[in-house]
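The values are calculated or read from the model by the stated rules, or taken from the named source; none is laboratory data. Computed from a predicted structure; not experimentally measured. Glycine gets a Cβ as well: all are built from the backbone with ideal geometry, and neighbour counts include every protein chain shown.
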Amino acid sequence: MAKSLETAPRFSYKGSRLKPLRAFCQVARLGSISRAGEALFLSQPAVSLQIQAIEREFGATLFHRRGRRLELTDEGRLLFEQVAPLVEGFDNLYTNFQKALKGSGAGELHIAAGTSTILHLLPSIVAAFKAANPAIRLTLHNVTGAGGLELLRADKVDLAVGSMLDVPNDIRYEPAYTFEPTLIMPLGHPLAEKDEITLADLSPHGLILPPQRLTTYRFVDLVFQRARVPYSVALEVGGWEIIKQYVAMGQGISIVTSICLTAQDRERLVTRSLAKYFPSRTYGLVLRKGKFLSPHARAFVDLIRPDLLSGRDYYRGGHSER
């Protein structure tokens, strides 16, 4: 009998099925055994043993290494999509039970979003949500993309709304809106007289851009580098609203996403589409795979993507067919 148990172990690590599954989900989300150990208050060897126990149980390699990050194999991704909702449900059993006791007519909803999203994309959506759910206390957390993911993974927000380029394994991104790249100039700028503007036209003029660590700056740099067109940066400053103000003051020109442009902006700025040179930017829903969405969160999602939660595909943490 002992030999049989050794040759066919079933989550033999400390006799618990939930612990290894919880460790597996954390490694899948964080891409690191050491970070998963920190989140679970376990040592790195303990997490490694739990992952090994699951791989023995299912007879599959669940992770492969990409640089310093662990990524799910196809088998690992399939297991994660099945296991994550179970672990999530068990870990949040008490909280969800208490929420159910209070009923679905009252509660809280927490959304993470950046400044431009809050100012320009969400107002009508928030108004519609509040009109339909007046008893719900809605909190908008004004954070950058990375900050939103951190809150989402820590279960401090229900979902996020914004733009994503690189989507981690544990995150589901569902685009809903598309905005084109736009050149903005002060009134009377020399380029304002041109209907079509090339990258070479921009070269002599100083650009006002977000900090280098942000995606917009990297995009601009990549496009100019590939076209082998020199450019200069007159000013680095964070936030579309600040950039628009400095452009209007004549401190430079900028390349922004049209989400941030209002009717008032078009009266004080000259705009030209740069869709010929720069890719359009999508904005949408950012969800953590396997996370249970409350009725309030589902109602908010329906206002942005009414098709998203209609099929059982949502519960597997995958993408709806479009």
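Restricted to segment 159-213, and to residues that are without any contact (Cβ under 8 Å) to a residue 60 or more places away in the chain, among the aliphatic types (A, V, I, L, M) and assigned to a loop (DSSP other than H, G, I, E, B), which residue is surrounded by the fewest Cβ atoms within 10 Å (Cβ to Cβ)? Among residues in segment 159-213 that are without any contact (Cβ under 8 Å) to a residue 60 or more places away in the chain, among the aliphatic types (A, V, I, L, M) and assigned to a loop (DSSP other than H, G, I, E, B), the one surrounded by the fewest Cβ atoms within 10 Å (Cβ to Cβ) is Val167. Quick check on my filter: what residues within segment 115-137 are more than 26 Å from Thr215 (Cα to Cα), surrounded by fewer than 16 Cβ atoms within 10 Å (Cβ to Cβ) and without any contact (Cβ under 8 Å) to a residue 40 or more places away in the chain? Matches in segment 115-137: Ser124, Ala127, Lys130, Ala131, Pro134, Ala135, Arg137.
Condition check for Pro230 on (1) under 18 Å from Thr115 (Cβ atoms); (2) over 27 Å from the mean Cα position of the chain (by Cα): one failure, at (1).
Only a single item in (1) farther than 20 Å from His189 by Cα; (2) modelled with pLDDT of 95 or more; (3) assigned to a helix (DSSP H, G or I) is not met by Val229, and it is number (3). Taken across segment 246-259, residues that are under 29 Å from the mean Cα position of the chain (by Cα) and part of a loop (DSSP other than H, G, I, E, B) do not occur at all. If you go through segment 282-304 and keep only what is at pLDDT below 95, touching a Gly at 6+ places or on another chain (Cβ under 9 Å) and not in a strand (DSSP E or B), you end up with Lys289, Gly290, Lys291, Phe292, Ser294, Pro295, His296. Note on segment 221-280: residues that are closer than 16 Å to Ile197 by Cα, among the charged types (D, E, K, R) and in contact (Cβ under 8 Å) with a residue 12 or more places away in the chain total 1.
Checking each residue in segment 114-137 for being modelled with pLDDT of 95 or more and outside any helix (DSSP H, G or I) picks out only Leu122. Counting only residues that are surrounded by fewer than 16 Cβ atoms within 10 Å (Cβ to Cβ), closer than 21 Å to Leu149 by Cα and in contact with a helix residue (DSSP H, G or I) (Cβ under 7 Å, 6 or more places away or on another chain), how many does segment 20-60 have? Number satisfying all stated conditions: 1.
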